[in-house]
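To keep things clear, I will list the structure first and then write my remarks on it.
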Amino acid sequence: MKLITAIVKPFKLDDVREALSEIGVQGITVTEVKGFGRQKGHTELYRGAEYVVDFLPKVKIEVAVADGVVETTLEAISKSANTGKIGDGKIFVSPLEQIIRIRTGETGEDAI
Amino acid sequence: MEDQIFQLSYALDTFYFLVCGALVMWMAAGFAMLEAGLVRGKNTTEILTKNVALFAIACTMYMVCGYAIMYPDLGSALLSGITGDGVTGAEEPATYAPSADFFFQVVFVATAMSIVSGAVAERMKLWAFLAFTVVMTGFIYPMEGNWTWGGEAVFGLYTLGDLGFSDFAGSGIVHMAGAAAALAGVVLLGARKGKYGPDGQVNAIPGANLPLATLGTFILWLGWFGFNGGSVLATASVENANAVAVVFMNTNAAASGGLIAALITARLVFGKADLTMALNGALAGLVAITAEPSTPTALQATLFGGIGGVLVVFSIITLDKLKIDDPVGAISVHGVVGLLGLLLVPITNGDSSFLGQIIGAVTIFGWVFITSLIVWGVLKAVIGIRVSEEEEYEGVDLSECGMEAYPEFSAK
């Protein structure tokens, strides 16, 4: 099992959610986050003076998936969140030791 | 029959005067919202406190002695006798109640003082500001008002009216005077911490709430119809009604011209459509037309406003280069463009002269700036006019009022 964490542009959230639903992903967790990458911050203008906003708003999506669907999930997120412009975000994949569904007590892939 | 017509005119003119006065009073709300929008959230409660308190102090001081200093023939200290009848007594019977005249005049004093609060925002001590308000509204403004609208000689030396000075509704008498007092305060106060960098760079300190600033501008725009329209002083005849209508039309045209010009200027100079500059542009247009809204054509009024709108953008940039920190642009809008308004008068009003306008402007600015500098200086020496650096960082809402404007938001 893998935990897939994707940082994407906020306006792409709906597209990602739809793409994940289409490939049968049952649940995701979404957090509003701020940060910087190669896009760095951006400058804003107020009465002629520029100022830098260091951290940009992004959306963090977390999905737990079985090993067999990792590739399709990654492809779904990559395609749906892609605009081709700087600041599209990143996807992290990390191993997931255990999952427990609290209501039933199911564990492992049954709990996904 | 003639008496009945006169009574009707009297009632109508008085009513018109009072409604216009109430519109000008509403400009206090406009200034409060504009300033609350352009300061940071941590300084909102304090700027609102200043705005409501200065209005009340201005009204009280003008009642106590200001009106009597400005118009010795019309009022006495504490307004005793003001409840009399405007029809009798004077050589030329006024067609409105004397107390209506006081009410209309008093809200102008508050307007002049409101200009000051924006320029010194975010760093001045509340009580030092209110102490200055007492002197400004009770003495400094009434003195120059006495020389201009009051028609008296300046210290017995020269009479501005005889020199061809004309200021219909107060581009100089109200707006530039307020800006002169503000400039004196800012000079002694210094810039907000962090506004100017060591290498001469100008840092942005964005305002907390642009919807409020926009609402404030619209409120001022509305109130200005009373400010200029009421300055016709009467409406109950074909001649006066026509004059009032022209003034309303030109006032609106100038504001529109100012906004368009400032918006385009900001787009060309900065590369973006800066809303705060557009708002300042509308106000600049209004200030520019205030000295003479009754004689220009609608096109001239639009152009005059437009000149004000362009000028205000470059004035704000220039003041920043000089490190004169004015968070809301009040010195540029009311002072620089107020002067422009005075200088535009002779173009359409043959009764005024450029020389008279310049002498009048120098007289008003010199008097208000120097006396204000003295008063601010005394306050600085006695109680201090600036909050401590730590209080400025934490926000004057907490240090001066002990109360946040938006307690449920934590960001400073």
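Any read-out appearing in this document is the output of simple, stated calculations on the displayed coordinates, not a laboratory observation. Nothing here was measured: the structure is a model prediction, and the numbers come from that model. Glycine gets a Cβ as well: all are built from the backbone with ideal geometry, and neighbour counts include every protein chain shown.
Overview of values
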{"quantity": "Rounded, prolate or oblate (a/c below 1.5 giving rounded, otherwise prolate when a/b exceeds b/c) for segment B:203-344 by Cα gyration tensor", "calculated": "prolate"}
{"quantity": "Isotropic mean projected area of the C-alpha convex hull, segment B:132-218 (nm²)", "calculated": "9.1 nm²"}
{"quantity": "Kirkwood Rh (inverse of mean 1/r, distinct Cα pairs), the protein assembly as shown, angstrom", "calculated": "25.9 Å"}
{"quantity": "A:G35 long-range amide H proximity, modeled H, under 5 Å", "calculated": "A:L56, A:K58"}
{"quantity": "Value of relative contact order over chain B, rounded to a whole percent, pairs C-alpha under 8 Å and six or more apart", "calculated": "25 percent"}
{"quantity": "For B:D274, distant residues with modelled amide H under 5 Å away", "calculated": "B:R267"}
{"quantity": "Inter-label distance for B:L157 and A:V33, nm, one decimal - labels placed 7 Å from Cα along Cα-to-Cβ", "calculated": "7.1 nm"}
{"quantity": "Relative contact order %, chain A, counting alpha carbon pairs below 8 Å whose residues are six or more apart", "calculated": "42 percent"}
{"quantity": "Crossing angle, helix B:44-61 versus chain B [Cα axis fit, 0-90 degrees, rounded to tens]", "calculated": "30 degrees"}
{"quantity": "20 Å binning of all Cα-Cα separations within chain B, expressed as whole percents from 0 upward", "calculated": "28, 58, 13, 0"}
{"quantity": "Rounded to the nearest 20 debye, dipole of chain B from Cβ charges on Lys, Arg, Asp, Glu", "calculated": "1360 debye"}
{"quantity": "Cross-link pairs A:K58/B:K272; A:K34/B:K272; B:K193/B:K323; B:K50/B:K380; A:K58/B:K193 - those with Cα-Cα distance over 21 Å", "calculated": "A:K58/B:K272; A:K34/B:K272; A:K58/B:K193"}
{"quantity": "Kirkwood hydrodynamic radius over Cα pairs of segment B:1-130, then Stokes diffusion coefficient at 25 °C and 0.890 mPa s, in µm²/s", "calculated": "150 µm²/s"}
{"quantity": "Crossing angle, helix A:70-81 versus chain A [Cα axis fit, 0-90 degrees, rounded to tens]", "calculated": "30 degrees"}
{"quantity": "Options A:T83, A:Q98, A:G108, ranked by Cα towards positive dipole end of segment A:70-112, top entry (Cβ charges)", "calculated": "A:T83"}
{"quantity": "Segment B:295-388: C-alpha pair distances exceeding 23 Å, %", "calculated": "41 percent"}
{"quantity": "Calculated from backbone phi, Karplus (6.51, -1.76, 1.60) coupling profile of segment B:135-141 in Hz, x at Gly/Pro", "calculated": "6, 4, 7, x, 9, 4, 5"}
{"quantity": "Qualifying GluC sites (Glu not before Pro) in segment B:304-412, DSSP loop, other Cβ atoms within 10 Å at most 11", "calculated": "B:E408"}
{"quantity": "Highest-MSF residue in chain B out of B:Q357, B:Q105, B:Q201 [GNM, Cα springs under 10 Å]", "calculated": "B:Q201"}
{"quantity": "Whole-angstrom Cα spans of segment A:3-64 along principal axes, big to small", "calculated": "50, 19, 17"}
{"quantity": "For A:36-47, mean number of other protein chain Cβ atoms within 10 Å", "calculated": "4"}
{"quantity": "Value of relative contact order over segment B:247-365, rounded to a whole percent, pairs C-alpha under 8 Å and six or more apart", "calculated": "28 percent"}
{"quantity": "Cut-off under 5 Å, modelled amide H: who pairs with B:R386 long-range", "calculated": "B:K125"}
{"quantity": "Residue among B:L319, B:M61, B:G170 farthest towards the positive dipole end of chain B, charges placed on Cβ", "calculated": "B:L319"}
{"quantity": "Backbone HN-Hα couplings from phi across segment B:300-313 [Karplus 6.51/-1.76/1.60, Hz, Gly and Pro as x]", "calculated": "4, 4, 4, 5, 4, x, x, 4, x, x, 5, 4, 5, 5"}
{"quantity": "3J(HN,Hα) from dihedral phi, segment A:8-14, Karplus parametrisation 6.51/-1.76/1.60, rounded to Hz, x for glycine, proline", "calculated": "10, 5, x, 6, 8, 4, 4"}
{"quantity": "Value of D in µm² per second that Stokes-Einstein yields for chain A, Kirkwood Rh from Cα pairs, at 4 °C (1.567 mPa s)", "calculated": "84 µm²/s"}
{"quantity": "Of B:V382, B:V312, B:V107, the one that fluctuates the most in a GNM where chain B has Cα springs shorter than 10 Å", "calculated": "B:V382"}
{"quantity": "Rounded, prolate or oblate (a/c below 1.5 giving rounded, otherwise prolate when a/b exceeds b/c) for segment B:91-244 by Cα gyration tensor", "calculated": "prolate"}
{"quantity": "Cα Rg, Dmax (largest Cα-Cα span) when computed across segment B:291-350, Å", "calculated": "12.8, 39"}
{"quantity": "Angstrom value of the Kirkwood radius, inverse mean 1/r, which spans all Cα pairs in segment B:173-280", "calculated": "17.0 Å"}
{"quantity": "Filtered trypsin sites (Lys or Arg not before Pro), segment B:151-197: DSSP coil and at most 16 other beta carbons within 10 Å", "calculated": "B:K193"}
{"quantity": "For segment B:1-67: rounded, prolate or oblate by the Cα gyration tensor [a/c cutoff 1.5]", "calculated": "oblate"}
{"quantity": "Choice from B:G170, B:G230, B:G194 showing the highest fluctuation, given a GNM over chain B with Cα pairs closer than 10 Å", "calculated": "B:G194"}
{"quantity": "Acute angle (nearest 10 degrees) that the helix B:238-270 long axis makes with the longest principal axis of chain B, alpha-carbon atoms", "calculated": "20 degrees"}
{"quantity": "Where chymotrypsin sites (Phe, Trp or Tyr not before Pro) in DSSP loops with at most 16 other Cβ within 10 Å are excluded, longest remaining stretch of chain B", "calculated": "B:156-408"}
